[in-house]
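Beneath this line is the structure, given in structure tokens, with notes to follow.
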Amino acid sequence: MTRKRFVAGAKCPKCHAQDSIVLFKENGIETVECVECDYREQQTEAKVSQKAKSEVIGLFKPD
């Protein structure tokens with residue numbers, strides 16, 4: 001069973017429903033989809049990593 005997590009405060013880019021976006025991994029691919037409409041977007045790990053590098057504010061490194 002795939003574990004899906006809601007993204008708090010996220011709005012669907014298609015139907016604009018608030019708090020309707022879920023995030024999960026499907027076959028190693030990060031996927032977001034709207035539970036209200038048929039919107040779905042997938043990104044490979046490389047794309048996620050590339051986006052994260054440009055938007056990182058800080059890194060937490062526990063001792």
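The values are calculated or read from the model by the stated rules, or taken from the named source; none is laboratory data. Since we're looking at a predicted model, the values are computed, not measured. Please note that ligands, DNA and RNA were not included when accessible areas were found on the heavy atoms of the full protein model with its side chains. Shrake-Rupley method; radii C 1.70, N 1.55, O 1.52, S 1.80 Å.
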Descending accessible area (1.4 Å probe), largest on the left, turns 36, 26 into 36, 26
Can you put 3, 40 in order of accessible area, largest first, using a 1.4 Å probe? 3, 40
